[in-house]
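Take a look at the structure set out below.
The numbers here are math on the coordinates, done by the rules we state, and not lab data. Since the model is a prediction, treat every value here as computed from it, not as a measurement. Don't worry about glycine lacking a Cβ; one is built from the backbone with ideal geometry, like all the others, and counts go over all protein chains shown.
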């Protein structure tokens, strides 16, 4: 297991009450290969809650570096230990590699709670884009397999529908609202890479919108953008969670696109506020 440390300052982050933090890196065994974790640790001298952050990139790209601003902002604003997970990418590592990597990272975090100085209680998980899908799969795995308790989940513009039958009318055409916003064609390519076997696209961990077992999942915040192809499926998933009795909040931001969500200061603040209310042991 590798480890490095470098002090960081969060003064430039948009959190309401930011605190300084340090960054460590670890390497743990993943589902198919070792995975890197980047830990953002608040320097407040007290036990803090922990949450995992899962980057976007359509299952085929994305990195710890690209997720750094969002993970650091959440760590400073909650404050919480944020474990950013460098999960395995498709097509080299298709489903269920990313979900299993997230599960192993969650189990590792919970099992290292004493060393990391974590407060008692469950973990949080946040994910953007494909990371929202991986976060959702993690909540299913934790519920069904045990080994770790997930206390809260925050999904930002998640990819949740491999069937691509629930795209929002706004932004549903091939012309993107922003340069890196998804289109139907790009989403289809991503799902083909992550779910190469068509039968996998009905698996509840791969197609959460098709699941009939949503009860027992952790309280959720669903964050969407008005001009996002993926908005309708995210909000439909929120409705399913509510129907299953899962405490669920939905926040839609107008006049922004999918690509803007992870860096949008109000969206980051909504996520931090949610975790402050839902995670045990938060210190203000």
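In the chain, the DSSP-assigned H stretches of four residues or longer account for a calculated mean residue ellipticity at 222 nm of -9500 deg cm²/dmol, using -39500 (n - 2.57) per stretch and the full residue count as denominator.
By the Kirkwood approach, averaging reciprocal distances over each pair of separate Cα atoms, the chain gets a hydrodynamic radius of 18.4 Å. Could you tell me whether the stretch 57-216 comes out rounded, prolate or oblate from its Cα gyration tensor? Rule is a ≥ b ≥ c as square roots of the eigenvalues, rounded for a/c under 1.5, then prolate if a/b exceeds b/c, otherwise oblate. Cα axes put the stretch 57-216 in the prolate bin.
Using a Gaussian network model of the chain in which every pair of alpha carbons under 10 angstrom is joined by a spring, one finds that among 129, 69, 228 the greatest mean-square fluctuation is at 69. With neighbour counts taken as other beta-carbon atoms within 10 Å, the residues 233, 22, 249 rank, fewest first, as 22, 249, 233.
Over all alpha-carbon pairs in the stretch 204-284, figure out the percentage whose distance exceeds 16 Å. So the portion of pairs separated by more than 16 Å is 56 percent. Take the convex hull of the alpha carbons in the stretch 106-165; its mean projected area over all directions comes to 4.6 nm². Quarter the surface of the alpha carbon convex hull of the stretch 127-284 and you get the mean projected area, 9.5 square nanometres. The relative contact order of the stretch 3-278 comes to 18 percent, based on Cα pairs under 8 Å that sit 6 or more residues apart. Taking the DSSP beta bridges with both ends in the chain, the antiparallel portion is around 45 percent. Between 58, 263, 240, the Gaussian network model of the chain with springs among Cα atoms under 10 angstrom shows the greatest mean-square fluctuation at 263. Going from the residue with the fewest nearby Cβ atoms within 10 Å to the one with the most, 184, 159 rank 184, 159.
Among 55, 264, the ranking by other beta carbons within 10 Å of each residue's beta carbon, starting with the fewest, stands as 264, 55. How far is the Cα center of the stretch 112-162 from the Cα center of the stretch 220-270, in Å? Spelled out, the Cα-based centre of one part sits 16 Å from the other.
For the peptides 147-153, 75-81, 242-248, the ranking by mean Cβ contacts within 10 Å, running from highest to lowest, is 75-81, 147-153, 242-248.
When only alpha carbons are used to place a centre, the stretch 90-107 and the stretch 15-85 end up 17 Å from one another.
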